Every structure is written in C-alpha cells, then in structure tokens.
1. Going residue by residue through the range B:179-189, is there one that turns out to be closer than 19 Å to B:TYR124 by Cα, within 16 Å of the ligand (Cβ to nearest atom) and β-branched (Val, Ile, Thr)?
2. Do you know which of the residues in the range B:76-130 that are open to solvent by 30 Å² or more (accessible area, probe 1.4 Å) and within 11 Å of the ligand (Cβ to nearest atom) is nearest to B:ASP60 (Cα to Cα)?
3. Could you check the range A:229-247 and list, in sequence order, the residues that are within 13 Å of A:LEU191 (Cα to Cα) and touching a Gly at 6+ places or on another chain (Cβ under 7 Å)?
4. Could you check the range A:358-397 and list, in sequence order, the residues that are surrounded by 13 or more Cβ atoms within 10 Å (Cβ to Cβ) and assigned to a loop (DSSP other than H, G, I, E, B)?
5. Name the pairs whose Cβ atoms lie under 8 Å apart, with the first residue in the range A:138-154 and free of Cβ contacts under 8 Å to residues at least 60 places away in the same chain and closer than 15 Å to A:GLY103 by Cα, the second among the polar types (S, T, N, Q) and exposed (fewer than 15 other Cβ atoms within 10 Å of the Cβ), and 6 or more positions between them or separate chains?
6. Among B:THR152, B:THR156, which is the only one that is facing chain A (nearest Cβ under 8 Å) and either under 21 Å from B:PRO218 (Cβ atoms) or buried (at least 21 other Cβ atoms within 10 Å of the Cβ) (or both)?
7. I'm checking my understanding of the structure. Among residues of the range B:218-236 that are within 14 Å of another protein chain (Cβ to nearest Cβ) and away from the ligand (no atom under 16 Å from the Cβ), which one is surrounded by the fewest Cβ atoms within 10 Å (Cβ to Cβ)?
8. Examine the range A:70-81 for a residue that is in contact (Cβ under 8 Å) with a residue 40 or more places away in the chain, crowded, with 16+ Cβ neighbours inside 10 Å and part of a helix (DSSP H, G or I), and state whether such a residue exists.
Amino acid sequence: MSIDATTPSGKDKPAGSILNDPKIRGIIYQAVTLLLLVAFIYWVAMNTSENLKRANIASGYGFLNGRAGFDVGQSLIAYSSDSTYGRALVVGFFNTILVAVAGIITATIIGFLVGIGRLSKNWLIAKLSMVYVEVFRNIPPLLVIFFWYSGVLAVLPQPKESVALPLNMYINNRGLAFPKPIFDSGSQFILLALVIAVIGSILFSRYANKKQAETGQRMPVLWTVLGLLIGLPLLTYFATGMPISFDVPVAGKFNLTGGSVVGPEFLSLFLALSFYTASFIAEIVRAGIRGVSHGQSEAAHALGVRPGLTTRLVVVPQAMRIIIPPLTSQYLNLTKNSSLAIAIGYSDLVSTGGTILNQTGQAIEIVSIWIVVYLTLSLSTSLIMNWFNAKMALVER
Amino acid sequence: MAKRILTALIGAAVMGIGAQAASATTLGDVKAKGFLQCGVNTGLTGFASPDASGNWSGFDVDYCKAIAAAIFGDPTKVKYTPTSAKDRFPALQSGEVDVLARNTTWTINRDTALGFNFRPVNYYDGQGFMVRKSLNVKSALELSGAAVCVQTGTTTELNLADYFKANNLQYNPVVFEKLEEVNAAYDAGRCDVYTTDQSGLYSLRLTLAAPDDHMILPEIISKEPLGPAVRQGDDQWFDIVSWVHYALVGAEDFGITQANVEEMKKSANPDIQRFLGVEADTKIGTDLGLENDWAVKIIKAVGNYGEVFDRNIGTGSPLKIERGLNALWSKGGIQYAPPVR
Ligand SMILES: N[C@@H](CCC(=O)N[C@@H](CS)C(=O)NCC(=O)O)C(=O)O
C-alpha cells in the first residue's frame, strides 16, 4: 500500500470509487466466483444425496468390508472369493501398477531406440523407425490392444500343443507358464547377499568416479558391478545348500498345471501400451536431440571427443532437459490408458471396481475411489519425474 | 479415456443433476413422452436382438411391446436401450430407462440395496456350463483346472465362484464386460468352459462358429428367476409392469390367443369377460391407470405367454427350448397368474 501511494497512479486515483481499483475489483471477482463454485458444489451434493435417498440406495464406504464373492483371473496378492470388496480393489490396483510400470519401462526403451533410430544416418533404420512412429501414433490405443489380443490369441497354440521354451517355460493361448520359485529357509540369506551386492556396487562406482576425477585412471566398473550382483547371491545360494526349488508347469487335463502363468490379457495389454506409447516417446526423444544446438557436438568433436562419447556425455544430458517434461505426460497417459484393460478382461482397478459397483450399486463411492487413485498415481509420477528433471537440469555456474 | 468411467460418471452426474423432473409418476412421464424407454440386452438371439434394419425382436422385447400396447394400444411405441450386464442397473437407477426387460435375475440384493422392485418371473432359469465336445467332459464336477469364460456384472460370476468353491474345484476365471467379447474369447479357445444362464447358452451356442462341436452339461447350479425390474417408489408403475405379465399368462390359461381375442370378447364366461374388460361398469383397467381393454391390447400386440415363448425361444424358434418349469401351473410348470377380479 505504501508503494501504491507513492506511485503517480495512486495519487491520481479519484477518491471514493473503490470499484475502480483493479486490486479490489479482482478480489470481488474472485470472491464471487468462489461463492458460485461453493454454491454449485453444495447444490450438486444436496441433490445427489436426495436422489440417492429417493432411489433407496445406501451410501458410505462400509460396503468395502463385505465379502466380494467373485474371483479374479490374475492377482499379485492372496485373494479368493471370500476376500472383501476392499481387497478386490487392492488386487485391481496392483494389477494396474504392474502393467503401468512394465509398460513404462518397455515403452521408454523402445521409444529411445526408435527415436534415435529416426536420426540414424542408415537409411533403412531411419525409414523403419519413421514407419513405426506413423503407424502406432495414428491408431487409437483400444485398437492396438485388440490387435495384440486377437493377434496373440490367434497365433498361440491350444494348451495341448503348448510350445516348450528354454528353462521349463511353455507358451500357449492361456499365457506364458514358467517355473515358480519356492523359497525354503535359508533363502533370506540370498536376499541379504543381493542387498549387500547392490550397496557394494554403489560404493564402488562412487569410488571409481572419484578416482577418475583425481587421477584420470578408469577402473573396470561394469565388470566389477556385474560380478558383485550375480556372483555374491549365487555363492550364497550354493553355500546355504540351494534353498530355492522350482515348481515346474506340467501338462494337466485342460491346461498346464503348476508354475506361474502370465495370461494373454496381461501380455497383450502390456505389449499394446508399450508399443503405442513408445511411438510418442520416440518423437519426444527425436525432438530433444534435435533441440541440442549443433555447436555443442561440433565443439566436442573439435576437442577430440569420440562420436559415441559425444552423444553420451554432451548431447544426451542436454537433450534430457527437453525430453523429461513431455515424457512425464506420456507416462501419465500410459497409466491412464491401462484402464482400457477392461476390453480384454484384464483385472485392473477399473475392471474390479466396475464389478463391485455393479454388485453393490455404490456408483459414487467407487467412482470417487477411481478418481482418487488415478489422481494419486498421476501426481506421484509427476513428482518423481520433477525430481528427476531437477537432477538433470543444467548446473549453472 | 475409459468409456467405463465415463458411463459411471454420467450415471452419477445424472443422479446428481438431472432428477427433479422425476417427481411425476413413471406412467405420466411415459405418456407425456409418447413412448416407453425399455432396457434390453445388447443382442441375445431369442431374447432381444436387432435385425439388419434395427427392428428389435425377442422374448424380452415382446414384454416391452406388451407394456407399450397396454399403455398406448400400440406396440411400436417403444425405444430400446441396449444394456450390457454391467450397465443395466445404472441405466434403470438413473431413469435412463423406464423398465428393464432383460433376462435379469431377481435377487434380494437387487430387490433391496440396488433400489429395484421385482415381482413376476417371466422365465424360470438356472445357470449351466457349455464345453467343447472334444474335451470329453460329461459333468461339471470334472472341470477342475479349467479356464472359464464369464461376463462380469452378473449373478453368473458369483454362482461360479460359489460352485467351484463348494465342490473344491480349481478354475481360472476369464472375465469380460461385453457379451461379444466373451463369445469371441470362448470361440477362440481362450477358455474351456462358457457359463451363463442355460437359456443364454442355448442362444449363444447358435452364434458360435460350429455350434455342433459344443454341448451343454447337465448340471444346473443355481436358481435364476428372470423378470422385469422397475425402480422402487412408484407402485402404480410396478403394478402395470407386473400385471402385463399376469395378463399374458392369464390369457394362455383362458385359451385366449392373438387370433381369437376379438372372438373371445363375446365369450359367456364371466371370468373372460372381466379379463377382457367387457364386463359392464368395469374398472379393471382404469384402476391400473390404463384403459379397461388393456389386456386385449396386449394380446393383440404379442399374443399370450405361450405364443410369446414359442415364437421367440420355444418350438417355433431356432432355440427350441422346452417349456419345462415355464409351462402353466396346470400343465406341470410353475407359471401362475393371480386372478383378475
Ligand atoms: N441372469 C443373470 C445373467 C444375465 C446376463 O446378463 N446374461 C448375459 C449372458 S447370457 C447376457 O445376457 N448378456 C447380454 C449383454 O450383455 O448384452 C443376471 O441377471 O445377472
């Protein structure tokens, strides 16, 4: 206010007409908007509760403790029809996370490969990458999912003609069956060994970096880390008397029994989301690399840095700053698109929630849970990516 | 994004925002609109399916037509809303449809917690299993380890879980939302078993690539009394929908058919006279909020219960379902109508 009073406009203001003060007018507008919004929400809430009462539908979240009564095709946690509705939702939630995380990782890898491929000097690679992007980017994701699902189902053989893969794995139209590890006592030491190996690897690579900075000598980081990560758990495995055994799938009456199975529903959804999203990521990567000024790589070349190193140490770190923000929104899209799972019968959050909605009629409660969960997933993804972005940002000196 | 969420949201929104108009009676609304909005299947041959030019026909469709005939004297004054197993309840709750005539099982949960009313059972059904003949399975008790295709949002998926649990059998459920998706998955060999109401199995088998390669197992694992459903809170409407069914059954009982209904008006039998609304000073229809000849209009439009059954799903149709439990009470079945008096 004191500043206002000293500015010329403050002096010239005709006294009395507060309404002409842009600041006060702003506050009034905001207050009115807020009031209208609150009134609207209140009206919707009142109307809803009244209509629910009229339709004789109970409300509240108490139903989540009821017995679900239905089975779910694939679950990461113990679940049966005796479990509660709440647990069925958790099963769906984990299935959503599973396909989202697997999809994000794969889409990123394919996307980076294709994106870099589009910039390749090799004509064939560049054109193939372009065709890939144009095809997948221009098909609605639901079609891509159906394509994979009917493709996967049509190509894979009936259970009686299962195709045997190495390591006692089998594939047929009921999915990919693989040996299920059974952990006996003693296997906790193997986990411990793995943890030690991870910590050791981190410490070693820090040390190696420091040493290189000080002396210019490079140590064999890759081999040491690989040796630690594989060797240490393996050694412990034999030392503790091989406490892990495997439940191997064998032919049963209808299908293979035993082992673990990843159903065609997961496989096709995962493949579809990965390939679809990868086409967008590829374009983002291409734009990111293109966005790094040519002078940067020329300067690196002039200093005698080899092309591979130039890409890795000069171009990519700068490109990452351009890539990460749009990449985040692709990750969010993939997570949200995973709700198309319902079309092919993968039991994700929307699918199990929908079943519960139908059995209990608690539409508003279920929809609110969906909204909160997807919002939380999206916000956490954004948070992680923002943190990563900050880490990648140019350190200005 | 997810159409699913969208439909649910719209359902929720309709409940929240739409609404005030529903203060009038459903009958009043229907008359004002000039047509009946009837919730049916998305396409189950024999029960409700559209032909190439979009005309619906089937057992459930005839109930829509019968209700429209009772109100307007014109069975064509119906608009159909195809609903999947999952969408049907929000559609009725939100007022999108006036009545649900869609092989829907009457259960206590739907009758109470979901806010609906059921009364007449127009088809006594039970859940069954269909398998490929090549599997050499003779009984559902041999199904341990099988992959079972089932549609979500049904009593079917609940009975399935209970049956396998009670008999200590393992199975792998493959659950879809849309009927076509279940059909396609079963046909593609994704599942060993298809389970739903037996009536549904008869109908679905005909749509498979090679119907003769499949058989329906003898076990019936549940009671599925199917009938029309309405929203709670409008007794007049509930009465109309109920009595349309009782009129169909009553007509069969009296031997009144689509062909002879005009003739029958001249019958000397006072029961028939009252039923057809020709008794002097009768209020047999006006008490329902309809005209006194409401039953005549229904029978002229679709025939009696037996005719509706035979034409759509019985001996006169490709489904060839026996009357069984759905025969009249006087012929060894349990279809029975209260007296019109
Ligand atoms: N009677 C059971 C099942 C009814 C049902 O929806 N059956 C399926 C399979 S026959 C169906 O009609 N689907 C048709 C559709 O979704 O359009 C119930 O009321 O829950």
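The values are calculated or read from the model by the stated rules, or taken from the named source; none is laboratory data. Just so it is clear, the structure is predicted and the values come from calculations on it, not from any experiment. Here the Cβ positions follow ideal geometry from the backbone for every residue, glycine too, while neighbour counts run over all protein chains shown. Remember, those area values only see protein heavy atoms, side chains included, never the ligands or the DNA or RNA. Shrake-Rupley method; radii C 1.70, N 1.55, O 1.52, S 1.80 Å.
1. So far as the range B:179-189 goes, no, none of its residues is closer than 19 Å to B:TYR124 by Cα, within 16 Å of the ligand (Cβ to nearest atom) and β-branched (Val, Ile, Thr).
2. B:PRO82
3. Once the filter is applied, which keeps residues that are within 13 Å of A:LEU191 (Cα to Cα) and touching a Gly at 6+ places or on another chain (Cβ under 7 Å), the range A:229-247 yields A:THR240, A:PRO243.
4. Applying the first criterion (surrounded by 13 or more Cβ atoms within 10 Å (Cβ to Cβ)) to the range A:358-397 yields A:358-370, A:373-374, A:377-378, A:381-382, A:385-386, A:388-389, A:392.
Those that are surrounded by 13 or more Cβ atoms within 10 Å (Cβ to Cβ) and assigned to a loop (DSSP other than H, G, I, E, B): A:GLY361, A:GLN362.
5. Cβ pairs passing all conditions: none.
6. Values: B:THR156 fails: facing chain A (nearest Cβ under 8 Å).
Going through B:THR152, B:THR156 in turn, just one is facing chain A (nearest Cβ under 8 Å) and either under 21 Å from B:PRO218 (Cβ atoms) or buried (at least 21 other Cβ atoms within 10 Å of the Cβ) (or both): B:THR152.
7. Ranking the qualifying residues of the range B:218-236, first place goes to B:ASP235.
8. no
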